[in-house]
Number of protein chains: 2
Amino acid sequence: MSIQSRRERERAEREKLIVTAARELAEAEGWDAVTTRRLAEQVEYSQPVLYSHFAGKDAIMAAVAVEGFADLGEALAAARARVAAPEALAAVAETYTSFAERRPALYDAMFSQAVDLPFATADAPEPLHTAFNEIVEAVRPHAGAAHPALVTETFWAALHGLATLTRGRRLPRHAHDDRLALLLARFTRAPD
Amino acid sequence: MSIQSRRERERAEREKLIVTAARELAEAEGWDAVTTRRLAEQVEYSQPVLYSHFAGKDAIMAAVAVEGFADLGEALAAARARVAAPEALAAVAETYTSFAERRPALYDAMFSQAVDLPFATADAPEPLHTAFNEIVEAVRPHAGAAHPALVTETFWAALHGLATLTRGRRLPRHAHDDRLALLLARFTRAPD
DNA sequence: CAGCAGCCCTAGCGTTGCTAGGATCACAAG
DNA sequence: CTTGTGATCCTAGCAACGCTAGGGCTGCTG
């Protein structure tokens, strides 16, 4: 019993080690630099060990993505706690886009790369729900007659578009603040 | 002179052939299936021929992306010609998202994959400018006091977010029309 | 007809994600 | 303390990837 639990604990620790190493490597040098060989070297094990924990590289990235959603959720909660109710939307929006800007590799894992995560369903990992709910609460005062969840989805999509297009140099970076302010003007207070 | 021009013509034709083959293969089986070997086999040449036309696989995808922008620009122009001025924004938005939905591989090349295309600068390929200008013209009646280009960038980013998140199953597909309608309500007629 | 220049293919390099198989270690039983 | 057993982890290798070097063939030129 004791031996069994120690082994399970060690396994869990090593799994955490792998995910952390993958995250750090990706944030330092981008996901292209995260090869199974380099990752194995980083955690000081051989490659096959990775596959005894995860089905493949995608699964490792998905685990990193879940950690990213937890981080994002915390940042959004902090922003919402810092700013009073109706103006919280601006703080949340600013926090969201600056998160995407400051942690590009993490944001990529969450939204561009890992495709096999369940998302808009009930069995999505819990950090995804909490992060989404943070935006819902910030949006709620501005939803008007519309369903808050629907407004949140739309507003979130707009933030995501701004973040990704700016990051990919599709949009000039210098006008980012102006675009964000414009978006907020269109989404604060319901038209009716 | 005649021989020279014939060779140049043949080169141009073959280049077009490569781009078309890459596009068709990507649209049929996704970009993962577009390997240099399969592409070479498709055009009935050996691999190195690809590299005498393009610097690498990325450059081929960039060429496909430019074709995609031309297609998108045509579709948007048609939508704007079909619908009168103020309501054209809805038609443009619907055309945009359905383009992303119907041609996912093409849309990926345009916005997710090829990073080395100049975008928001003057030396961007001409189809990019015309496509963007189509949205500008649809947005203009609703810009109010704001700069139309800035509103366009923001609105376009929102459309892009809706398209990519819906496609990646981050947003439930069934509510897409509702989200699009909500976005349009927020962007038609300026608040002041 | 001889020489030359350009085109294009065969072959191969280094790297990728992933896996099979055997060696090695820690534990339990006699 | 020795022996058997079971899990653990590493070495080695596979197929496929993007890309490139080098030589043979074709066809134009003088």
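None of the figures in this text is laboratory data; all of them are computed from the coordinates on show. It should be emphasised that the depicted structure is a prediction, and the values quoted were computed from it without experimental measurement. When we count neighbours, we look across all protein chains shown, and the Cβ atoms used for this are built from the backbone with ideal geometry, even at glycine.
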Task: Helix axis angle, A:57-82 relative to chain A longest principal axis, alpha carbon, degrees - done: 40 degrees
- [ ] Calculate the mean, over all residues of peptide A:146-159, of how many other protein chain Cβ atoms lie within 10 angstrom of the residue's Cβ.
- [x] 6
Task: Cα-based helix-to-principal-axis angle, B:2-29 vs chain B, degrees rounded to 10 - done: 60 degrees
Open item on the list: Going 7 Å from Cα along the Cα-Cβ axis for the label, what nanometre distances separate B:Glu74 from the same residue across the other copies?
Closed with: 5.1
Task: Test item: B:162-174 mean partner chain Cβ contacts at 10 Å - done: 5
Task: Mean separation of Cα contacts under 8 Å (6+ apart) over length of the range A:1-54, as relative contact order % - done: 27 percent
Task: Tensor-based shape of the range A:72-130 (alpha-carbon gyration tensor, a/c under 1.5 rounded, otherwise prolate or oblate) - done: oblate
Task: Rounded to 10°, Cα long-axis angle of helix B:88-102 versus longest principal axis of chain B - done: 40 degrees
Task: Label spacing, shortest first and in nm, from A:Val49 to its equivalents in the remaining copies (7 angstrom along Cα→Cβ) - done: 4.8
- [ ] With only Lys, Arg, Asp and Glu charged, each at its Cβ (+1 for the first two, -1 for the last two), find how big the charge dipole of the range A:8-152 is about the Cα centre; round to the nearest 20 debye.
- [x] 100 debye
Task: Average Cα contact separation per residue, the range A:1-127, under 8 Å, 6 or more apart, as relative contact order % - done: 26 percent
Task: Relative contact order (percent, whole number), the range A:62-192, Cα cutoff 8 Å, 6+ residue spacing - done: 31 percent
TODO: Would you compute, from DSSP H runs of 4+ residues alone, the mean residue ellipticity of chain B at 222 nm, taking -39500 (n - 2.57) per run and dividing by the full residue count, rounded to the nearest 500?
DONE: -23000 deg cm²/dmol
TODO: Please work out whether the range B:58-187 counts as rounded, prolate or oblate from its C-alpha gyration tensor, where a ≥ b ≥ c are the square roots of the eigenvalues and a/c under 1.5 means rounded, while otherwise a/b larger than b/c means prolate and anything else oblate?
DONE: oblate
Task: Cβ charges +1 (Lys, Arg) and -1 (Asp, Glu), total dipole of the protein assembly as shown, debye - done: 20 debye
Task: Exam field: A:Ala120 pseudo-label spacings to other copies (7 Å along Cα-Cβ), nanometres - done: 2.7
Open item on the list: Taking loop as defined by DSSP and a crowding limit of 13 other beta carbons within 10 Å, which trypsin sites (Lys or Arg not before Pro) in the range A:122-192 fit?
Closed with: A:Arg189
Task: Loop-exposed GluC sites (Glu not before Pro) per DSSP, neighbour cap 16 Cβ within 10 angstrom, longest uninterrupted part of chain B - done: B:88-192
Open item on the list: Which of rounded, prolate or oblate describes the protein assembly as shown when judged by the alpha-carbon gyration tensor and an a/c cut-off of 1.5?
Closed with: oblate
Task: Candidate lysines - alpha carbon under 20 Å from B:Lys16, same-chain residues fewer than 8 apart omitted - done: B:Lys57
